[in-house]
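Please treat every number below as a calculation from the coordinates, not as lab data. Everything numeric here is computed off the predicted structure, so don't read it as measured data. Using ideal geometry, Cβ is built from the backbone for each residue, glycine included, and neighbour counts are taken over all protein chains shown.
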């Protein structure tokens, strides 16, 4: 009887330990730490980080949200950070705020964030991945190009870059924004176009048609090769462009044709990279996969990325 009593007590304590460990694991998986690296910079002086439990971290994944969003929005709209944690990859969330590309300021801030985070973790710096949604994807693409063009200026070199429905051609996008204002078919599209114009003039003092030389430097890509060929720096980098190609949705909800879609430019980007010999450049087409966090159907969403498959792709690129 005493042996039975002892055995039951032993099993009870083991169950308590297992419950405690499971609880700690769940907290660790969901833990997102805010890190301030520059107390004087209220806009870009901090970032979010999720560090996996592994002593030696296999790589770094930098994620960027859309135009005007905060870093916190990333972790509400995608589960990539959870999968990165489970695969021993450090996740960093950083917001470009109202910036639309990796201009000199954003380059400086991302460099500082990456340097700060890498110095505080036992991380394999050879495995650096960067991706983003909408304008965040645009920033990611231009940053990756610049890393390859001027490697001496950047702390890490990207193995891969990916974008979720990013507007990567500023010249084409500007024409589409102007046509949205002129046609005035969609109030949402008109407001977006006006915001973009205000941002261009506020940060750069001009629009793409007013100063094409400046925007040839700012834009990651141009379908008109006379206006820029920045994609040539990515010929050895894994690149993915994700899109929910739902033409009927755009016609019904925005009164816009295919020419207004972001995938027009990215399909051209991927084609040019493949022609350059890049066998790791992919156009990932989905259909009706885009949903906002509130359940609203919208092809311009983080959800168009299949997180599990994307993480498998990133892991396959690691050394």
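Per residue, the average separation of C-alpha pairs within less than 8 Å and at least 6 apart gives the chain a relative contact order of 15 percent.
A Cα-only calculation for segment 267-312 places Rg and Dmax at 13.5, 41 Å.
Fewest neighbouring Cβ atoms within 10 Å first, the residues 302, 174 line up as 174, 302.
What separates the Cα centres of segment 249-293 and segment 190-246 is a distance of 15 Å.
Can you give the direction-averaged projected area of the convex hull of the alpha-carbon atoms in the chain, in nm²? Projected area, direction-averaged: 20.2 nm².
Ranking of 188, 181, 60, 50 by neighbouring Cβ atoms within 10 Å, starting from the fewest: 188, 181, 50, 60. Segment residue 279..residue 31, full-extension length gain: 85.6 nm, with 0.36 nm per residue of separation and the alpha-carbon distance subtracted.
Return 227, 273 ranked ascending by Cβ neighbour count within 10 Å, so the fewest neighbours appear first.
Ranked by crowding around the Cβ, least crowded first: 227, 273.
A Förster radius of 41 Å, combined with the Cβ-Cβ distance separating residue 316 from residue 98, puts the computed FRET efficiency at roughly 0.70.
As a length-normalised measure over Cα pairs under 8 Å and 6 or more apart, the relative contact order of segment 220-319 settles at 30 percent. With both labels modelled 7 Å from their Cα along Cα-to-Cβ, the residue 217 to residue 181 distance reads 2.4 nm. Each 5 Å bin from 0 upward holds the following percent of the Cα-Cα pairs of segment 174-243: 3, 15, 19, 18, 19, 16, 7, 2, 0.
Spacing of the modelled spin labels on residue 40 and residue 257, each 7 Å from Cα toward Cβ, amounts to 5.3 nm.
For the pair residue 232 and residue 54, the difference between a 0.36 nm per residue extended length and the Cα-Cα distance amounts to 60.5 nm. Once the mean of 1/r is taken over each pair of separate Cα atoms and inverted, segment 105-229 shows a Kirkwood hydrodynamic radius of 16.0 Å. Entry for segment 206-319 at q = 0.11, 0.12, 0.15 Å⁻¹: log10 I(q)/I(0) = -0.46, -0.55, -0.83, Debye formula applied to identical alpha-carbon scatterers, no solvent contribution.
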